[in-house]
Structures are given as structure tokens and as C-alpha cells.
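Participant: Below you will find the structure I want to go over with you.
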Amino acid sequence: MITYNIYIVDDEDTILDSVSLALHGEYHVETYESAEQAIDSMEKSPPDLILLDIGLPGMNGIEALGRIKSSHYDIPIIMITAYEDINTVISAMKQGAYDYVVKPIHMDSLRVTIENALETVRLRKEVQHLQEKYLKENLPCYIGESHAVQDVMDLVETVAKSPDTPVLISGETGTGKEWIAGAVHYRSPNFKGPLIPVNCAAVPKDLIESELFGYQKGAFSGARASGKKGFIEEAANGTLFLDEVGDLSLEAQAKLLRFLEEGEFYRLGDTSKVRVNTRVIAATNKDLDSMMEKGLFRRDLYFRLAVVVVHIPSLNERREDISPLAKHFLVEFSKKFDKNFTGITSDAMDALVTFNWIGNVRELKNLIERGVLIGKGPKLTVQDLRIKEGYTLQGIKKAEHDICFPPIPPTGVDLASLQGSLEFFYIQEALRMAKGNESKAARLLNMNHHTFRYRKKRLQIK
């Protein structure tokens, strides 16, 4: 349950006692007779909201407002004034006060003002709660509430305990493979070492070997006079993350295999071996089984990389994670663009949950970023998201000739059961048509092989 801490700062005991008594059952309340006392306490325990009297002795409320906003700009502050001095109120609002109330204080009105002010805090606390649930010691996390994500994170916790075991991360584009690599690295004993990410698809094939293994002086035309360390050496006592490992040339694959087996390698143009302790985490969105059948990826390298395989389900397979992820990104980009979004409208969330996420988490993140950038707030709307209307869950435009499904009977339907039955049928049918060959069955369903195996295992299909 989310709780809120409220400071009441006023030099009148009657105000402190009456307001704190009225709010005590709903919030955690702390009272202070001076701004100086409240500011000192904020260093240890910042509040979620402050009720601040303007006419304080010593440092007055306007001065205190400026001091607090300079270091805690996101804490909403409601000013308390004994009379409605327009100039003073305007000054307070310009310095960032959320609102003001006039003495004598009417508690019903104050409660509404507090609830409205805390809307800006509620979303941030919800995301913080999620992060604390899935994140330890501020390490990279993979936010989600689905069983699939919990299974992934449980596996990450186990795998991370070994500092040198290779890991292969599979999943569709945009599922967050780099986040999982970071989670493994920072939870492992070699977390103090570097995490070096390399996008194998972005490095020209004629340069990938020199980039991975480095080179000596004069190794080739255009080489640096001093030579260069490769990524493997840069990641010594840490982790090398090879994204899109399926794009490595066969020559680079052979050298990488040798390093994985022996823990040593040659720089280009050198005759001396270099030995380093570097953990290798690889990732791919390609069907490596199909590539191996075609001779495009070495089987021995696959088995060496895939000591542990972490498969990330697509966002479409774990729709219960869309809401917490969307809220996480909303907070992130509200801070980035200095906007005060308090949440996502129910229509917008429904649109997000039913959208066909071809680009997975990355597409969701980009969509929220664009929505926050162009949106006015205080909540993110369907118009801000600009999701195309008239598209089914699979992203296909509705038409007269679409497949007709039976209507919902008066007694209702178990949608989850129907979805499971449909998936069970098609996976079994694909396996029958492919005569048990999982790679072929996955291709019949336009599905990544690892995704196919994950769903087959989940449905307990033999």
C-alpha cells in the first residue's frame, strides 16, 4: 500500500494540532513550528507534500519555498495564509507553489487540494514501488508483473552468481535484451568491472575482428601507430555483451569460439597470446537453429554461448506488463521534458494494452516519449499516443471479409481459456505439419524458434 508523508509548517499550535489530527488517519503527518526545522528534517526524510505557512517567524514561507524548491523541486507545496494577499500569493505561485489555502482552514476543501496535489506524486510512487519490487541496490531491472518476467528475473538471479558462465539471450527486437545483460552483469561478482556492449550488426564485417580482438602496430593499412585494445580486452574482469551475435562472420565466430574455450586470443598482427577473464553475454533475435542448418552459424559456438539461455517473451505475450512499463516510461519522460503528467487515461491504457507491439518494449517506450512530448497533460490521452484506430489486436485492419467469430453468449466466455485453446491447437497443428521439426513449425507460425519452444513448454505440449 502506498503511503504519503506530509509536513505541516506553522507557528500556531492550534493549526498544527487541528490539521494534523484531521489528516492523521489518511497520511503520515509531521509538524514543525519553523521553516528551519522542516528544512533540516528534509535532509533525512523528504516529505511527499508540504503545508507551509507564509507568515512564519525567522525564515518566512516565501523564503522557505524558494529554498525547498531549489533542492526538491518535485515536492508539491501548499501555502497557508492568514489573509488573501494577492501579491504574496502571486509571488508564491511564481516560485512553484502548487496552491494556497486561507485561514481559517476548511478541512474538506484542504483535503481536495491535497488529493489533487498528490496526483503528481502518486504515479512516481507507483513506479518506485515497482522498481523496488524488481530492483535491488539500484541495479538495472526488468519491470513487469507477469509470471514470464518473474521467471526471467529468477533465472537472471541464478545465472548472475557465476562470474564467467556464458549466457545467450534470445527474443524479438525491442524486448529489452540489453537490460537483461545489464541485470546479469550488475548482479554478478564481477559487477565492479566494465560492461562493454557491442552491436555486431553495426560493425562492418571487415572490421569486426580488429574491434573484438584488437591489433598491433602496423597490423594493416590505416592501423593506429600505437595499436589498439579490442572489446574483449576492454571488458577484462567484467562483461562483454555481444548484441546481434548472429551477424558475426564465420571467421569471427571461429576466433570467438577459441577465446571462449581457452580464455585467450591473439591481437591482429601479434604472435603473443593475450589472456583475460571476460564474461561473454550474447543476444540475438534471429533463428540460430535455422542459421546452423544453413551453415551460417557454427554449432560448436552456439553450444558454447548457450550454456544458459534466457528467453524474453514478446510484449504481446505478457500484456499484464504493459501498464507498469507505460507508467515507468511516463515518469521517466515527464522528468526529461519537465512536464507534470499524473497518469494515463483509461481509454489510452486500453489502447496500449490491446495494441499489436511489433517493436515490443522499445516501441512502447518511443510511443510514450512522443506522447509526453506533444501532450498537454495532466494525463496521457489516446490523442497524445496517436495509436491508429480500427486495428485489431494483431494490427490488421478490420474488413468485411475478416474471419467471423461466434458472438458472446449471455452467459459470457472465458477469453483466457479460448486464447489458450487456440494457441494449443495451432502449435500442435504446426508440429504435425512439420513432422515434429520445431524450427519448421515455428516458421509456419511466423514465430522465433525460442518463442515457439517457450510457448510449447508453457502449454505442456509433447
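Readers should treat all values here as calculations from the given coordinates under stated rules, not as data from a laboratory. Please read all numbers here as calculations on a predicted model, not as lab measurements. Note that each Cβ is placed from the backbone with ideal geometry, even for glycine, and that neighbours are counted across all protein chains shown.
Participant: Around S439, under 9 Å between beta carbons, what's the net of Lys plus Arg minus Asp minus Glu among the other residues?
Facilitator: So the surrounding residues net to -2.
Participant: Restricting attention to the alpha-carbon atoms of the chain, what are Rg (one decimal) and Dmax (integer), both in Å?
Facilitator: 28.6, 86
Participant: Could you go through segment 78-86 in sequence order and give the Karplus-derived ³J(HN,Hα) for each residue, using 6.51 cos²θ - 1.76 cosθ + 1.60 with θ = phi - 60°, rounded to whole Hz, and x for Gly and Pro?
Facilitator: In residue order, the calculated couplings are 9, 7, 10, 10, 6, 8, 7, 7, 4 Hz.
Participant: For Cα pairs less than 8 Å apart in space and 6+ apart in sequence, what is the mean separation divided by the residue count of segment 415-458, i.e. the relative contact order in percent?
Facilitator: That works out to 28 percent.
Participant: Could I ask something else about it? Order of R267, R386, R458 from fewest to most other C-beta atoms within 10 Å?
Facilitator: R386, R458, R267
Participant: Right, something else. Could you give the semi-axes, largest first, of the ellipsoid that matches segment 415-458, computed as the square roots of 5 times the alpha carbon gyration tensor eigenvalues and rounded to whole Å?
Facilitator: Largest first, segment 415-458 gives 18, 11, 8 Å.
Participant: Each label point is 7 Å from the Cα along the Cα-to-Cβ direction; what then is the distance between the points at D85 and N316, in nm?
Facilitator: Result: 6.3 nm between the two label points.
Participant: Over all directions, the average projected area of the alpha-carbon convex hull for segment 5-134 comes to how many nm²?
Facilitator: The directionally averaged projection comes out at 7.9 nm².
Participant: How high is the relative contact order of the chain, given as a whole-number percent (alpha carbon pairs under 8 Å, six or more residues apart)?
Facilitator: Worked out over the chain, it gives 12 percent.
Participant: Taking only Cα atoms of segment 317-385, what ratio of Rg to Rh do you get with Rh as the Kirkwood inverse-distance radius?
Facilitator: 0.93
Participant: Is it possible to state the helix-based mean residue ellipticity at 222 nm for the chain, with each DSSP H run of 4+ residues giving -39500 (n - 2.57), the sum divided by total residues, to the nearest 500 deg cm²/dmol? What is it?
Facilitator: Helix-only estimate at 222 nm: -13500 deg cm²/dmol.
Participant: Given K177/K365; K335/K365; K336/K379; K192/K217, which pairs have Cα atoms separated by over 25 Å?
Facilitator: Over 25 Å apart, Cα to Cα: K192/K217.
Participant: Moving to a separate point now. Starting from the Cα of K205, draw a straight line to each of the aspartates and glutamates and keep only those under 17 Å, dropping any in the same chain fewer than 8 residues away.
Facilitator: Straight-line reach from K205, under 17 Å: D243, E244, D247, E251.
Participant: Taking just the alpha-carbon atoms of segment 164-280, what radius of gyration and Dmax come out, in angstrom?
Facilitator: Radius of gyration, then largest Cα-Cα span, for segment 164-280: 14.2, 41 Å.
Participant: Let me ask you something else. For a paramagnetic label modelled at 7 Å from the Cα of K103 toward its Cβ, which residues of segment 22-41 fall within the zone defined by backbone nitrogen distances under 16 Å?
Facilitator: Flagged as within label range: 32-35.
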